[in-house]
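The structure appears below as structure tokens.
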Amino acid sequence: MSNYQYVIDNAQSIKLNYQDSISDVVSRNGKVTTGRIVGTRPYQLEVEIASYLDAGNVEVRQLLQYIDQNAKVTTEIVDIGSTNTGLNYITGYKGNAPTAYLESLNFYPTPGILDNSPRGSTRTPSYNILTMQEANITHRPSDVSTTVFAQGDYIQFNYTGSTGTNTNQQVPYQVMETVQVSDLYGGIGNKFYDVKVNRHYSGKYGAGGGGITTSPQVKVGSNVSFDVALVEKPRYEIIPGGKNGLIVFSDSFKFIEVI
């Protein structure tokens, strides 16, 4: 287990925040004009862990040494709800499609491009829409009202580096609009979903990405992961008492996603 994962898994509270950069201007006649800054904004995590930790616990001692040396320097990949399933209510999948069907979906042809060929003759860049291809019809639910992705669900490319490690970690996205089986479009053997997501496609996948996708191509719910850095190191005290003494953190751990 990574040191930052230890913090997540022992959290007493987690603030998971994502906020687009939006500006507004008020004219002289009172008209308000708003604008959204295009880009992939990072998630921010603020984590509070148990008030008192055993100073003799090996993992706690490692954590203290690690954050003193690596805060703001080293990044780690963490999950919320996979390693500690007690937290999966935060990122858990809320659709009701079978796992086999979700694992049969592929990103097509390149994330960030809305494929319009079944609807017309053009291909339009759409960096907040990910197109997924249904690769195996045998797994498709018979009920067309089945929810493939619910609004708020987390999804992520299952991407690895060329050596099989996450050397180029993909960012997770949240689904903006519920997607049902009835939303499939396309011809025989080429069925697609358009999935609107909360932030601009990061551009790490496909040509020039330097890696491959593994099977399944899509990670969903608590299986997604975040590449984070600790940007604000908490203060802590060592208090004598008990068998080994106690560690008390005076502040929360503040992480920011690395993109």
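The values are calculated or read from the model by the stated rules, or taken from the named source; none is laboratory data. All figures in this text were calculated on a predicted structure; none of them were measured in a lab. A quick note on method: Cβ atoms are made from the backbone with ideal geometry, for glycine too, and the neighbour counts reach across all protein chains shown.
If only residues of the range 145-158 that are surrounded by fewer than 22 Cβ atoms within 10 Å (Cβ to Cβ) and modelled with pLDDT under 95 are counted, the one that is farthest from Glu257 (Cα to Cα) is Asn158.
Matching residues to (1) assigned to a helix (DSSP H, G or I); (2) at pLDDT 90 or above; (3) touching a Pro at 6+ places or on another chain (Cβ under 7 Å):
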{"site": "Thr213", "(1), (2), (3)": "no, no, no"}
{"site": "Pro216", "(1), (2), (3)": "no, no, no"}
{"site": "Lys219", "(1), (2), (3)": "no, yes, no"}
{"site": "Phe226", "(1), (2), (3)": "no, yes, yes"}
{"site": "Leu230", "(1), (2), (3)": "no, yes, no"}
{"site": "Asn244", "(1), (2), (3)": "no, no, no"}
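Within the range 92-107, identify whether any single residue is modelled with pLDDT under 90 and more than 17 Å from Val218 (Cα to Cα), and answer yes or no. Checking the range 92-107: not a single residue is modelled with pLDDT under 90 and more than 17 Å from Val218 (Cα to Cα). Of Tyr93, Tyr101, all but one fail to be out of contact with any Lys or Arg (no Cβ under 7 Å at 6 or more places or on another chain) and of a type in the set (Ser, Thr, Tyr); the exception is Tyr93. The one condition from (1) at pLDDT 85 or above; (2) hydrophobic (A, V, I, L, M, F, W, C); (3) within 15 Å of Lys254 (Cα to Cα) that Val60 does not meet is (3).
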